[in-house]
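This report concerns only the one structure given below.
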Amino acid sequence: MLKYLIHKEFLQIRRNAFLPRLIVMFPIIIMCVMPWVMNMEVKNIRVDVVDNDRSMASQRLVHSVEASNYFIFNGQKADYRAALAEIESGKADVVLVIPRHYGSDLATGRQPQVLIAANAVNGTKGNMGSAYLSQIVTAGVMPDAGALQSRVSTLLLYNKHQNYKLFMIPALLAIVMMLMTGFLPTLNIVGEKEAGTIEQINVTPVSKWSFILAKLIPYWLIALFVITVCLLLAWLVYGLTPQGPVWLIYCLAMLLALFFSSFGLIVSNYSDTMQQAVFVMWFFIVCIMLLSGLFTPTRSMPQWAYMTTYVNPMHYFIDAVRTVFVRGGGLPAVAHQLGALLVIGSLMATWAVTSYKKNS
């Protein structure tokens with residue numbers, strides 16, 4: 001019986017004019033486009049310089065700012081008021097004001113007071129721009145600090161080239177899994193409710209377990225296909241391959257698919273219309289995604305928000321897949337996350353079966 005139900009699900013997917021294209025194109029677009037735009041590195045900071053000294057030392061500082069890869073040099077302004085006007089109009093992000101007697105103070109061993117003013121509307125850009133400028137100014141004001149920094153060696157153990165794509169691609173796997181295995185099962189059952197075909201299944205001797213499994217298994221197979229496409233694209237487009245066992249990534253993906261597909265069926269069991277199901281699913285998925293540590297470290301959250309990560313399966317998946325993909329961790333390194341995903345996914349699958357109302 002289960003075999004024929006699964007065959008029916010695949011027939012419905014194949015006869016749908018949109019779903020097969022979505023299943024193929026969605027992971028391709030996510031993997032080929034999103035790593036370029038989901039970049040949290042702060043660059044292209046527009047900086048204005050006000051040089052009140054016009055000495056050789058101040059010009060060296062200006063050229064150091066101009067040569068930095070993090071800044072877009074807007075040029076030198078006549079005074080601080082003109083530079084501040086550019087910040088207020090959005091034409092500049094940071095202003096560097098070099099005081100008078102900057103060069104003579106350096107020559108006599110005194111430390112001049114250099115002013116850095118940043119636009120804090122975008123707090124991250126303003127803070128990082130100030131930090132970058134402070135490093136350049138410190139190296140110019142205190143040559144000993146620059147010499148000391150040159151003697152400090154940094155050993156990057158995992159992401160040696162500090163490639164942000166290597167950090168984001170494992171997280172993008174979670175987004176693809178969440179949308180493909182969460183929304184599709186939800187819309188499947190609600191679509192059958194609106195079409196009235198689910199009533200024909202309810203009067204048959206099909207058990208609830210068989211019905212739910214027939215709804216879940218096709219999307220688990222779709223999850224395997226999607227993960228394979230994503231890993232191939234990461235290798236072909238970016239030259240990135242998992243440093244740890246690939247089978248662990250598949251295990252993590254299947255456990256995450258178990259949770260989201262079960263959760264989608266739960267939402268569909270309690271929803272009467274497709275619109276209702278989409279809004280409820282979207283509400284929970286946005287909360288799960290933003291509280292998972294996808295973009296920012298979870299330790300930076302308030303304590304009450306951090307407590308939600310203990311029941312957030314996406315947090316466990318992202319943490320584990322980054323451990324395997326970036327750090328090369330094996331089974332012992334992600335055993336905790338695997339166990340948590342298995343428990344949460346099993347509970348949601350049980351709930352999905354018990355919440356399905358079969359009136360025979």
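Each semi-axis of the equivalent ellipsoid for segment 180-238 is √(5λ) with λ an eigenvalue of the Cα gyration tensor; in descending order they amount to 32, 12, 6 Å. Where Rh is the Kirkwood radius over the Cα pairs of segment 45-150, the temperature 20 °C and the viscosity 1.002 mPa s, what D in µm²/s does Stokes-Einstein return? Reported coefficient: 155 µm²/s. Backbone geometry of segment 11-22 corresponds, through the Karplus equation with coefficients 6.51, -1.76 and 1.60 at θ = phi - 60°, to 3J(HN,Hα) couplings of 5, 5, 5, 5, 7, 6, 6, 9, 4, x, 5, 5 Hz, x marking Gly and Pro. Only lysines eight or more places from residue 3 in sequence, or on another chain, were considered; those with a Cα closer than 24 Å are 193, 208, 215, 357, 358. Residues whose amide H lies under 5 Å from that of residue 115, counting only those 5 or more places away or on a different chain, are 97; hydrogens are built 1.01 Å from N in the peptide plane.
Taking Cα centre as origin and charging only the Cβ of basic (Lys, Arg, +1) and acidic (Asp, Glu, -1) residues, the dipole magnitude of the chain rounds to 740 debye. Of the residues 84, 294, 213, the one that moves most in a GNM of the chain with alpha-carbon contacts below 10 Å is 84. Taken about its Cα centre, segment 1-128 carries a charge dipole of about 840 debye when Lys and Arg each add +1 at the Cβ and Asp and Glu each add -1 at the Cβ. Rounded to whole numbers, the Karplus 3J(HN,Hα) couplings from phi for segment 315-329 are 4, 5, 5, 5, 4, 6, 5, 5, 5, 6, 6, 8, 8, x, x Hz, using 6.51 cos²θ - 1.76 cosθ + 1.60 with θ = phi - 60°, and x at Gly and Pro.
Dividing the summed -39500 (n - 2.57) terms of all DSSP H runs of n ≥ 4 by the residue count of the chain sets its mean residue ellipticity at 222 nm at -21500 deg cm²/dmol. Scaling the Cα radius of gyration of the chain by the globular reference 2.2 N^0.38 Å produces a ratio of 1.33. Working note: Cα gyration tensor of segment 196-338, eigenvalues times five, square-rooted, sorted largest first, giving semi-axes of 31, 21, 14 Å. Once backbone amide H atoms are built at 1.01 Å from N, residue 271 has no partners under 5 Å, excluding neighbours fewer than 5 places away on the same chain. Taking the centroid of alpha carbons for each part, segment 289-335 and segment 1-60 are 20 Å apart. Summarising the amide proton neighbourhood of residue 46: residues at separation of 5 or more, or on other chains, whose placed amide H is nearer than 5 Å comprise 72, 93, 94.
Any read-out appearing in this document is the output of simple, stated calculations on the displayed coordinates, not a laboratory observation. Source: prediction; values computed, not measured. Because the Cβ atoms are built from the backbone with ideal geometry, glycine has one as well, and the counts that use them run over all protein chains shown.
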